[in-house]
1. Return the residues of segment 111-139 that are surrounded by fewer than 16 Cβ atoms within 10 Å (Cβ to Cβ) and of a type in the set (A, V, I, L, M); say none if nothing qualifies.
2. Hey, which of the helices (runs of 4 or more DSSP H) in segment 1-70, taking only ones fully inside, have at least 3 residues that are within 20 Å of Leu113 (Cβ to Cβ), out of contact with any strand residue (DSSP E or B) (no Cβ under 7 Å at 6 or more places or on another chain) and hydrophobic (A, V, I, L, M, F, W, C)?
3. Can you tell me which residue in segment 15-29 is nearest to Leu55 (Cα to Cα), limited to those that are surrounded by 14 or more Cβ atoms within 10 Å (Cβ to Cβ) and of a type outside the set (Ser, Thr, Tyr)?
4. Can you tell which of Ile62, Ile66 is touching a residue at least 60 places away in the same chain (Cβ under 8 Å), within 30 Å of Ala98 (Cα to Cα) and under 17 Å from the mean Cα position of the chain (by Cα)?
5. All but one of (1) more than 17 Å from Leu57 (Cβ to Cβ); (2) in a helix (DSSP H, G or I) hold for Ile93; which doesn't?
6. For segment 91-110, check the following and say yes or no: at least one residue is without any contact (Cβ under 8 Å) to a residue 60 or more places away in the chain, of a type in the set (S, T, N, Q) and either touching a helix residue (DSSP H, G or I) at 6+ places or on another chain (Cβ under 8 Å) or surrounded by 12 or more Cβ atoms within 10 Å (Cβ to Cβ) (or both).
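Each reported figure results from applying straightforward, stated rules to the coordinates on display, with no laboratory input. Here the structure is a predicted model, which is why all the values come from computation and not from measurement. All Cβ positions, even for glycine, are placed from backbone atoms using ideal geometry, and neighbour counts span all protein chains on display.
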Amino acid sequence: MNNAVRVIRILKWACFPLGYIMYYVTRSSFGPYIAIALSVAAIVGFWYLMRQEELRLTARDIAYEIRDVIMTRYGFEHLIEIKRLKRNVIVRIYVIRAGEKLQELKTAVMRRLTEQGYRNRIIALQVADMDSKEELGDHQKRMNLQLVELLSRQNTRRQHHGEG
């Protein structure tokens with residue numbers, strides 16, 4: 001995890017002093033009720049912006065780590081797709097002609113992401129081997145179906161174990 005993400009994780013707590021400042025500055029002009037509403041809006045808005053930026057930077061760093069593994073170890077032509085969902089991400093790697101090295105690549109990528117502390121942010125890691133970039137659309141459709149099945153199994157498992 002890089003320093004920018006750490007700074008943002010700490011900086012997001014500045015929302016509370018900023019909310020108080022908003023209340024203090026606006027209460028004489030708008031009255032206490034509107035000042036409270038404005039300060040709550042400032043707190044929530046700042047927190048949300050910081051969380052979004054944290055997730056954006058995390059997704060970018062995950063892509064850099066994946067790219068580094070692929071290029072230094074394998075040299076495959078590839079595409080990386082990262083979908084952000086709330087606090088976590090779904091990672092898709094499309095590799096051109098990886099063949100038998102595909103499972104080895106997936107293991108190496110997962111090991112690197114675990115070492116760097118990103119494993120708990122990844123909902124799913126999907127890897128596809130393609131003959132050319134023109135196959136991308138078909139692979140995306142197939143991965144979308146697999147993802148829906150995976151998420152519904154996880155949801156069913158959570159409901160079965162009473163996790164809500």
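1. Quick first cut of segment 111-139, residues surrounded by fewer than 16 Cβ atoms within 10 Å (Cβ to Cβ) only: 111, 114-117, 119-120, 131-138.
The one that is surrounded by fewer than 16 Cβ atoms within 10 Å (Cβ to Cβ) and of a type in the set (A, V, I, L, M): Leu136.
2. Working: elements: 3-11, 15-30, 32-69.
Filter on segment 1-70 gives 3-11.
3. Step one: of segment 15-29, the residues surrounded by 14 or more Cβ atoms within 10 Å (Cβ to Cβ) are 15-16, 18-19, 22-23, 26-27.
If we keep only those that are of a type outside the set (Ser, Thr, Tyr) as well, we get 15-16, 18-19, 22, 27.
Numbers: Cys15: 17, Phe16: 21, Leu18: 22, Gly19: 23, Met22: 26, Arg27: 34 Å.
If we take residues in segment 15-29 being surrounded by 14 or more Cβ atoms within 10 Å (Cβ to Cβ) and of a type outside the set (Ser, Thr, Tyr), then Cys15 is nearest to Leu55 (Cα to Cα).
4. On the way: Ile66 fails: touching a residue at least 60 places away in the same chain (Cβ under 8 Å).
Checking each option against the conditions leaves just Ile62.
5. For Ile93, the exception is condition (2).
6. Let us first name the residues in segment 91-110 that are without any contact (Cβ under 8 Å) to a residue 60 or more places away in the chain, namely 91-110.
Restricting the remaining residues to those that are of a type in the set (S, T, N, Q) gives 103, 107.
Among the residues that remain, those that are also either touching a helix residue (DSSP H, G or I) at 6+ places or on another chain (Cβ under 8 Å) or surrounded by 12 or more Cβ atoms within 10 Å (Cβ to Cβ) (or both) are: none.
Taking every residue of segment 91-110 in turn, none turns out to be without any contact (Cβ under 8 Å) to a residue 60 or more places away in the chain, of a type in the set (S, T, N, Q) and either touching a helix residue (DSSP H, G or I) at 6+ places or on another chain (Cβ under 8 Å) or surrounded by 12 or more Cβ atoms within 10 Å (Cβ to Cβ) (or both).
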